[in-house]
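Have a look at the structure below before the remarks.
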Amino acid sequence: MIMKINGLSKKFYTKEVLTDIDLTLEKGRIYGLLGPNGSGKTTLMRIVANIIKNTTGEVRVNDLLLGKETKKIVAFMPTSNFFPKWMKIKDTVDYFSDFYEDFNKDMCYEILQRESLDLGLKVKDLSTGMTEKLKIALTISRNAKLILLDEPFNGIDIIAKESIKKMIVQASNNTNAIMISSHLIDDMESLLDDVILLKEGRIVLNSPAEVLRDEKGLSIKAAYKEVF
Amino acid sequence: MINLIKYEWKRKGLYVIGLMIIVLLLNIAIYMRGYNAEKQIVTLIFSNMGIFFAGFLTMLIMHIRKIYNLLFTEEGPFTFLTPLNGYEILGSNLLGALLDSVILLVFMGVITLFNLQINDTQFIEEAVKMIRLSGVNVYEAIPGTLTTIFLNYSLLLITIYLSMILVKTLFYNIRFKKIISFVVFLFMSRLNTFINEVFVYHALPTDGFTFNYLVLILLKTSLVFAVWYIISGYLLEESVSA
């Protein structure tokens, strides 16, 4: 087990956006955190990444409570373009290399070269697809125990999507777990080992994709439609 | 922490170096005008002071914007995701700001001394003579005064930072949180003035400014700074809400 969440909730003002979340993630699997916009996916990921605090409950990653130590083993890719605008692609690589001990600079350069991302380009000049590729390349070049990708397929064309999917599959191994949030279900069908459906801040389905297919005869898309 | 300062310097280093080049070019231009000695030194000092204040104000805005970007823009996670705690993130921002201020002040000090020397004014000799006559030890007073200036600047920054951090933490779920945080900022500033009135101004020696009095000011400023820093670091670490 790489991550365990017990009785987690999160309130903004008086509105509870996450309610009574219990969740366990195992190594070697790719999890899909699915749900419509506003269901609490991003909030849950930001809590696990330890950039915002939960209201109640407990989260452990590799048996450690969230804190400075878990930031060393959790790689989070936010949905927004979070790079400082003055940076060039090379600066972002150097930044990750300076801050994260588990960052593999050579691997990152290899991915960037494969994806035709010029190191001299400024991040503010990148297209949406190029920004997503850069974010993914940096995130998966970390040998992190838990990789969280928030909406990696937002606003990008089909070619970039395929390329990002390949990167995600290559990053998955027996020492890590990957959790991908998305509301674009079609893109997730071939990628996921497990499906977690989030509705109005509650987990309404948590099941291996093969159980859905084999025992219930449902594709991920069909299961999603059934719930929402 | 050193890494955060390094990247912060990469961002604004160009601005600081640019400012220095402008000052140097302006000084050269004034020398080339061929004014008489008195007009030359007056023009140099006033021009340099003007640029210094403009540069310092811009830098203050940059120092405030840095924390604003961290807390309220999409750039925030880029720093918050690094394996550093709230105290380290805050500390590196303050150290970075202090470093800029020291570089700027030292540069302006060197330029001013150079101008006074080259224009053969008696200003430096007169000033040293006056300080000696007043009985103040120059070797204690100058470093002490500079430390007080930098410490007070750090206190101003941490007061502003804390009021911004409150918006994202304790007051996040409260309506009018920005107004309330501004009121807290005013309160913290007033509290600092109150502490000065009670513990510092009353202790001013009757025979004038002494080194012990300077130490008292330093102690008081350090203490208030430490309290605001600990609260800010704790809030950043434990209760950022969104």
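The values are calculated or read from the model by the stated rules, or taken from the named source; none is laboratory data. Bear in mind the structure is a predicted one, so any value in this text is a computation, not a measurement. Note: ideal-geometry Cβ built from the backbone for every residue, glycine included; neighbour counts use all protein chains shown. Surface areas here come from the heavy atoms of the whole protein model, side chains and all, with no ligands, DNA or RNA. Shrake-Rupley method; radii C 1.70, N 1.55, O 1.52, S 1.80 Å.
Some points to look at:
- Residues in segment A:112-128 that are at pLDDT below 90 and either crowded, with 21+ Cβ neighbours inside 10 Å or closer than 26 Å to A:VAL48 by Cβ (or both): A:THR128 alone.
- Apart from one condition, A:LEU23 fits all of (1) of a type in the set (A, V, I, L, M, F, W, C); (2) surrounded by fewer than 16 Cβ atoms within 10 Å (Cβ to Cβ); (3) touching a strand residue (DSSP E or B) at 6+ places or on another chain (Cβ under 7 Å); the exception is (2).
- Subset of segment A:44-65 [over 19 Å from A:ILE196 (Cβ atoms) and within 11 Å of chain B (Cβ to nearest Cβ)]: A:ASN50, A:ILE51, A:ILE52, A:LYS53, A:THR55
- Per-region count, segment A:65-79, residues within 19 Å of A:ARG142 (Cα to Cα), surrounded by fewer than 17 Cβ atoms within 10 Å (Cβ to Cβ) and out of contact with any Leu (no Cβ under 8 Å at 6 or more places or on another chain): 2
- Consider segment B:1-15 and keep the residues that are within 20 Å of A:LYS88 (Cα to Cα) and of a type in the set (A, V, I, L, M). The one that is most open to solvent (accessible area, probe 1.4 Å) is B:LEU14.
- Where helices (runs of 4 or more DSSP H) fall entirely within segment A:12-123, those with at least 3 residues that are within 30 Å of B:LYS12 (Cβ to Cβ) and among the acidic types (Asp, Glu) are at A:89-99.
- Every residue from segment A:52-71 that is under 16 Å from the mean Cα position of the chain (by Cα) and not hydroxyl-bearing (Ser, Thr, Tyr): A:ILE52, A:VAL61, A:LYS71
- Any pair with Cβ under 8 angstrom, 6 or more apart, that starts in segment B:1-16 at a residue that is more than 9 Å from chain A (Cβ to nearest Cβ) and part of a helix (DSSP H, G or I) and ends at one that is open to solvent by 30 Å² or more (accessible area, probe 1.4 Å) and among the polar types (S, T, N, Q): B:TYR15/B:THR58
- Given (1) surrounded by fewer than 20 Cβ atoms within 10 Å (Cβ to Cβ); (2) on the phi > 0 side of the Ramachandran plot, index of the condition A:LYS88 fails: (2)
- In segment A:201-220, the residues that are loosely packed, with under 13 Cβ neighbours inside 10 Å and modelled with pLDDT under 85: A:ASP214, A:GLU215, A:LYS216, A:GLY217
- Among the numbered conditions (1) within 11 Å of chain B (Cβ to nearest Cβ); (2) in contact with a helix residue (DSSP H, G or I) (Cβ under 6 Å, 6 or more places away or on another chain); (3) at pLDDT below 95, the only one that A:CYS108 does not meet is (1).
- Counting only helices (runs of 4 or more DSSP H) that fall entirely inside segment B:71-175 and contain at least 2 residues that are open to solvent by less than 10 Å² (accessible area, probe 1.4 Å) and more than 25 Å from B:LEU214 (Cβ to Cβ), the qualifying elements are B:76-80, B:86-118, B:138-168.
- Scanning segment B:217-240 for residues that are open to solvent by less than 20 Å² (accessible area, probe 1.4 Å) and within 14 Å of chain A (Cβ to nearest Cβ) yields B:GLY233, B:LEU235, B:LEU236, B:VAL240.
- Residues in segment B:176-204 that are within 14 Å of another protein chain (Cβ to nearest Cβ) and open to solvent by 50 Å² or more (accessible area, probe 1.4 Å): B:PHE176 only.
- Check on A:GLU101, modelled with pLDDT under 95, open to solvent by 10 Å² or more (accessible area, probe 1.4 Å), acidic (Asp, Glu) and more than 18 Å from the chain's Cα centre (by Cα): yes
- Per-region count, segment A:1-37, residues more than 14 Å from chain B (Cβ to nearest Cβ) and free of Cβ contacts under 8 Å to residues at least 40 places away in the same chain: 2
- Of all residues making up segment A:26-41, the number that are open to solvent by 50 Å² or more (accessible area, probe 1.4 Å) and in contact with a strand residue (DSSP E or B) (Cβ under 6 Å, 6 or more places away or on another chain): 2
- Qualifying residue in segment B:37-60 (condition: part of a helix (DSSP H, G or I), open to solvent by 20 Å² or more (accessible area, probe 1.4 Å) and within 14 Å of chain A (Cβ to nearest Cβ)): no
- Of everything listed in (1) touching a helix residue (DSSP H, G or I) at 6+ places or on another chain (Cβ under 6 Å); (2) assigned to a loop (DSSP other than H, G, I, E, B); (3) open to solvent by less than 10 Å² (accessible area, probe 1.4 Å), the single unmet condition for A:ALA144 is (1).
- Condition check for A:ASN174 on (1) away from every other protein chain (no Cβ under 14 Å); (2) modelled with pLDDT under 90: one failure, at (2).
Rundown of residues vs (1) more than 22 Å from B:LEU44 (Cβ to Cβ); (2) free of Cβ contacts under 8 Å to residues at least 24 places away in the same chain; (3) touching a strand residue (DSSP E or B) at 6+ places or on another chain (Cβ under 9 Å), yes/no style:
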{"position": "B:PRO83", "(1), (2), (3)": "yes, yes, no"}
{"position": "B:ILE89", "(1), (2), (3)": "yes, no, no"}
{"position": "B:ASN93", "(1), (2), (3)": "yes, no, no"}
{"position": "B:ILE111", "(1), (2), (3)": "no, no, no"}
{"position": "B:GLU125", "(1), (2), (3)": "no, yes, no"}
